[in-house]
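To start, the structure under review is shown below, and the notes come after it.
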Amino acid sequence: MEYKIGSIAGDGIGPEIVREARKIIDRIAEKYGHKIKYEDILLGGASIDATGVPLTEEAVAQAKSCNCVLMGSIGGDTSTSPWYRLAPNLRPEAGLLGIRKALNLFANLRPAVLYDELASACPLKEEIIGDGFDMLIMRELTGGLYFGERRTVEENGKKTAVDTLTYSEDEIRRIAVKAFDIAGKRRRKVTSVDKANVLDSSRLWRQVVEEVAKDYPDIALEHMLVDNCAMQLVRDPGQFDVILTENMFGDILSDEASMVTGSIGMLASASLNDTKFGLYEPSHGSAPDIAGQNKANPIATILSAAMMLRFSLDLDKEADDIERAVKETLASGYRTGDILSDGCQLVGCSEMGSLIAERI
C-alpha cells in the first residue's frame with residue numbers, strides 16, 4: 001500500500017524525535033512492502049522563522065493532502081525565545097491551535113500505559129499497580145466549557161464571571177462513535193465519565209452515549225461520575241480500557257493518568273476528526289534545553305507513530321510490531337536519561353530509535 005504522511009518536525013527536540021519515528025515507519029514499510037511518501041510541513045517556531053507566522057495556509061493545505069500527520073514538539077523557551085515577544089496570535093502554540101481548528105480535530109486520544117520495566121517509576125503502591133494498566137482517554141476537544149460563551153460583568157460594585165458549558169447532541173455523538181470504534185480495537189470496554197447527577201450537559205451526554213452504544217452490542221459500556229473516576233484512577237487504574245469524556249473533565253483526568261505512568265517521555269497522543277485523518281504527537285514539550293544534544297527520549301513519538309498506523313491507516317499488525325519492539329528494547333535494559341534506572345544502559349535519542357528499529 002502507498003501512504004502520504006505529513007511530517008511536522010517542529011521546534012526544540014522535535015526534529016530529533018520525528019527523525020527516529022520516521023526511521024521506525026521506514027522499517028515497517030520495508031518489512032511489509034508499503035510505500036511511504038513524506039510531506040514536510042512547517043509549524044510553530046520553525047514556521048515563524050521561515051515565514052513570519054506560526055501557521056500558513058500552505059501548511060494547512062499540505063496537511064489536508066495527507067492521509068495523516070506526525071508531529072514533533074512545538075514551542076521554545078518562553079523566557080528567552082524571541083518567539084514569545086510576539087503577539088499571542090503569532091506565537092508557536094497559536095499555530096498548533098490553528099491547525100487543530102483547520103483540520104476539525106475534535107477527538108483527543110491520550111494513552112496511559114505502565115510498562116513492566118518502568119513500574120518502579122509509578123508513584124502508586126505495588127499492590128495497586130498489580131499487573132499494570134493500559135488505558136486510553138478519549139477527550140472531546142472542541143466543545144464544552146472552554147469554548148462556551150463567557151463574560152465578566154460588574155453589578156452594584158461587585159464583579160461576576162460567567163462561563164457557559166454547552167454541548168450539542170451531534171458533538172457528543174461523534175466523539176462517542178470514535179470511542180466505541182477504538183474500543184473495538186482494544187479490550188472492548190468504554191467508561192463514559194460525566195457529572196450527570198448535577199449537570200444538564202452531562203445528562204444529555206449520558207443519553208447520547210447510551211444511544212450510540214446500541215450500535216456496538218459487543219462493547220461493554222459503564223458510566224462513572226467524574227469525581228469517582230478521579231479516585232478510581234489512583235485506586236484501581238487497571239479497570240479502565242477507553243475513558244470517554246468531555247473537554248474539561250478530559251483535560252484534568254488525562255493529566256492525572258499521565259502522572260501514574262511515572263514518565264511523560266513515554267506518552268503518545270493523537271487528535272482525530274470525523275474521518276480517518278489524525279494528527280499524532282508526543283504529550284511532552286519541546287525541551288529546548290536539551291535540543292540538538294541527542295538526549296531526547298523518542299519513544300513517545302514512536303508510539304504516536306504506532307497509533308497513527310493503527311487508527312488512521314488501519315495497519316494494526318504493523319502497529320503491534322512497533323509496540324512490541326518498544327517493550328523488547330526496554331526489557332533489554334536500554335534507557336534514555338529521563339527513564340534511566342540502576343542496572344540499565346544509557347543510550348541517546350538516535351541509538352534508542354535504532355535499537356527499536358532493529359527489533360521490528
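What follows is calculated from the coordinates using simple rules that are stated; it is not laboratory data. Not measured: the values here are computed from a predicted model. Neighbour counts run over all protein chains shown; Cβ positions are idealised from the backbone, glycine included.
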Query raised in the report: Can you pick out the pairs among 189/276; 31/101; 125/214 whose Cα atoms lie more than 32 Å from each other?
Result: 31/101; 125/214
Report summary line: Averaging 1/r across every pair of distinct alpha carbons in the chain and inverting yields a Kirkwood hydrodynamic radius, in angstrom, of 21.2
Query raised in the report: How big is the charge dipole of segment 85-192 about its Cα centre, in debye rounded to the nearest 20, if each Lys and Arg gets +1 on its Cβ and each Asp and Glu gets -1 on its Cβ?
Result: 380
Query raised in the report: Ordered by packing density, taken as the mean number of other Cβ atoms within 10 Å over each peptide's residues, highest first, how do 319-329, 123-133 rank?
Result: 319-329, 123-133
Query - 3J(HN,Hα) from dihedral phi, segment 267-284, Karplus parametrisation 6.51/-1.76/1.60, rounded to Hz, x for glycine, proline - result: 9, 8, 7, 8, 10, 10, 9, 7, 10, 7, 5, x, 10, 10, 7, x, 7, 7
**Report entry** DSSP-defined antiparallel bridges as percent of all bridges, the chain, nearest 5
**Finding:** 45
Query - Sequence ranges 134-147, 28-41, ranked by mean other-Cβ count within 10 angstrom, highest first - result: 134-147, 28-41
Query raised in the report: Given C-alpha coordinates of segment 123-261, what is the ratio Rg to Rh with the Kirkwood estimate of Rh?
Result: 1.04
Report summary line: Cα-based Debye curve of segment 110-177 sampled at q = 0.13, 0.14 Å⁻¹ gives log₁₀ I(q)/I(0) of -0.67, -0.70
Query - 17 Å tail of the calculated P(r), segment 281-325, as % of Cα pairs - result: 41
Report summary line: Sorted on mean Cβ neighbours within 10 Å (highest first), peptides 69-77, 210-218 come out as 69-77, 210-218
Query raised in the report: Distance from the Cα centre of segment 134-189 to that of segment 322-360, in angstrom?
Result: 37
Report task. Choose one of 224, 336, 42: the residue whose Cα lies farthest towards the positive end of the charge dipole of the chain (beta-carbon charges +1 Lys, Arg; -1 Asp, Glu; about the Cα centre). Result -> 42
Report summary line: Rounded to the nearest 5, the percent of antiparallel DSSP beta bridges in segment 123-261 equals 30
Report task. With a point put 7 Å past each Cα toward its Cβ, work out how far residue 164 is from residue 342 in nm, to one decimal. Result -> 5.9
Report summary line: So residue 227 and residue 2, fully extended at 0.36 nm per residue minus their Cα-Cα distance, gain in nm 76.5 nm
Query raised in the report: Can you pull the Kirkwood radius for segment 223-310, inverse mean 1/r over Cα pairs, to one decimal in Å?
Result: 14.8
